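The values are calculated or read from the model by the stated rules, or taken from the named source; none is laboratory data. What you see is a predicted model, and the numbers here were worked out from it, not measured in a lab. FYI the Cβ positions are ideal-geometry reconstructions off the backbone, even for glycines, and counts take in every protein chain you see. These area figures cover heavy atoms from the full protein model, side chains too; ligands, DNA and RNA do not enter into them. Shrake-Rupley method; radii C 1.70, N 1.55, O 1.52, S 1.80 Å.
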Amino acid sequence: MDYSIALVPGDGIGPEVIAPATEVLDTVGDRYGHGFHYVELVAGGKAIDSSGEPLPRETLEAAKQCDALLLGAVGGPQWETLPGHLRPERALLGLRSGLGVFANLRPVALLPQLKDACPIKDEVLRESNPQGKPHFDLLIVRELTGGIYFGERGREDAGKRAFDTETYSWEEIERVLRIGYTAAGLRRKRLCVVDKANVLESSRLWREVASAVAQEYPGIETSYLYVDNCAMQLIRAPGQFDVIVTSNLFGDILSDEASVLTGSIGMLPSASLSSIAPGSKGPMGMYEPIHGSAPDIAGRDLANPLGTILSAAMLLRYSFNLEHEAAAVEAAVQAVLDEGLRTQDIARRSALPGTEKVVGTQAMGEAVCKALANG
Ligand code: NAD
């Protein structure tokens, strides 16, 4: 079958991590008989340089015509002094809201091969894991098109006072919670709503909606945590979590925190969706690693491409319903890690000589393609 994929390589390391991800998709296409057709689009800093705006209208319109969108990262120091509405990151907000993808799924699991890259002690991991293993596997579902990133903002008192507004409607909260419950139903059937209901009115609405929606999912255990406690619990006992559902701002921060537990932010994929439809060709989705454009390592073949390759696996699973192919990509990633291949961000300084081989972005991508083709 043929599929169209909008590609937004973006800035910094974006193009470097998108290239191996498309090679992996092409390998999937060759092996399983699918045709992936790419439509390369410009957004972020590159678009500002070429057209003066972070998200040209043609980019959004062309993306809407595709079956899915794969994005590298946008932004960089050269655009940081521009006014807020002209910054590269506005392209992300525009794409997410323009494509109507309001739920961001961020799986955070510790791969056994990277256990030593996790900063948490083994015994701490074991204590919170129901099977007593030094392992955790959680999913953060972040609301993506509402809250403080989209609320009213401005300056008063001749620029000496600034405000941003957190607003959520019942409907916005309900729809992202339903995605969380669907995901929890496919996992270990536990869902934790994270908010700041002891202080924020918008969080109190989150709790009201959650307690109403929870009635419809009696098979799923619902719990609630304040965000400050959740930030602590992620470090103290990450194994206690299955699915976390939270607002745009809290999800942004908690998922970066959680990424460190897996060894590197370069490992983590994400999917932004409007629904999860297991067993059928899914909706348009936007897929991207959770990291940024990493200007400090851009252009040096140092970036870890695995977060983007795993985002491509999520694309196959959620937008194309190609579960087998998605699992094959994930298995190929595990296979190269089993071989001892590491990009610099996940390499152990204390590794025994000969157990790990530090490789660059391109070589890591090629190794995943090879493992996929031979797997
Ligand atoms: P960042 O995620 O780009 O980098 C944080 C740190 O992680 C850096 O030390 C970087 O070298 C490292 N890192 C990130 N990705 C890596 C990878 N794949 N492999 C190895 N190391 C990796 O965050 P930042 O430095 O706060 O932001 C840099 C720029 O990216 C800013 O302009 C920011 O606004 C933008 N940004 C974009 C997105 C996005 O496009 N989705 C997300 C976050 C930040």
Cross-link reach list, aspartates and glutamates versus residue 196, counting only Cα pairs under 14 Å and skipping chain neighbours closer than eight places: 166, 208, 228
Whole-number percent relative contact order across the chain, with pairs defined as alpha carbons under 8 Å at least 6 apart: 21 percent
Debye intensity ratio I(q)/I(0), log10, the range 1-127, q values 0.21 Å⁻¹ (C-alpha model): -1.16
DSSP-assigned coil residues among GluC sites (Glu not before Pro) in the range 184-276, each with at most 15 further Cβ atoms within 10 Å: 216
Share of alpha-carbon pairs per 5 Å distance bin for the range 119-261, given as whole %: 2, 10, 18, 20, 19, 13, 8, 5, 3, 2, 1, 0
Cα-derived Rg to Rh of the range 81-196, Kirkwood definition: 1.09
Convex hull per residue volume in Å³, alpha carbons only, for the range 96-138: 102 Å³
Stretchable slack from residue 187 to residue 253, in nm (0.36 nm times residue separation minus alpha-carbon distance): 21.4 nm
FRET efficiency for residue 30 and residue 158, using Cβ-Cβ distance with R0 set to 41 Å, rounded to 0.05: 0.10
Those aspartates and glutamates that a straight Cα-Cα span of less than 16 Å connects to residue 64, excepting residues fewer than 8 apart in one chain: 40
Qualifying aspartates and glutamates (Cα of each under 14 Å from Cα of residue 121; at least 8 residues distant if same chain): none
Cα→Cβ-extended label distance, 7 Å offset, between residue 237 and residue 221, nm: 1.1 nm
Kirkwood Rh in Å, taken over the chain so that all alpha-carbon pairs contribute: 21.2 Å
Rh (Kirkwood; distinct C-alpha pairs) - the range 3-61, Å: 12.5 Å
Candidates 304, 129, 248: whichever shows maximal mean-square fluctuation once the chain is modelled as a Gaussian network with Cα springs under 10 Å: 129
Protection proxy ranking, peptides 49-59, 106-116, 80-90, 363-373, average beta carbon neighbours within 10 Å, highest first: 363-373, 106-116, 49-59, 80-90
Distribution of pairwise C-alpha distances over the range 53-100, 10 Å bins, in %: 25, 55, 19, 2
Of all DSSP beta bridges in the chain, antiparallel share, percent nearest 5: 40 percent
Rounded Å value of the spacing that divides the Cα centres of the range 132-157 and the range 212-259: 11 Å
Candidates per trypsin sites (Lys or Arg not before Pro) in the range 225-308, loop by DSSP, up to 13 other Cβ within 10 Å: 281, 300
5 angstrom amide H check on residue 140, placed H, neighbours 5+ away: 106, 108, 244
Whole-angstrom gap from the range 52-118 to the range 303-318, using each part's C-alpha centre: 14 Å
Residue-level accessible surface for residue 308, protein heavy atoms, 1.4 Å, Å²: 0 Å²
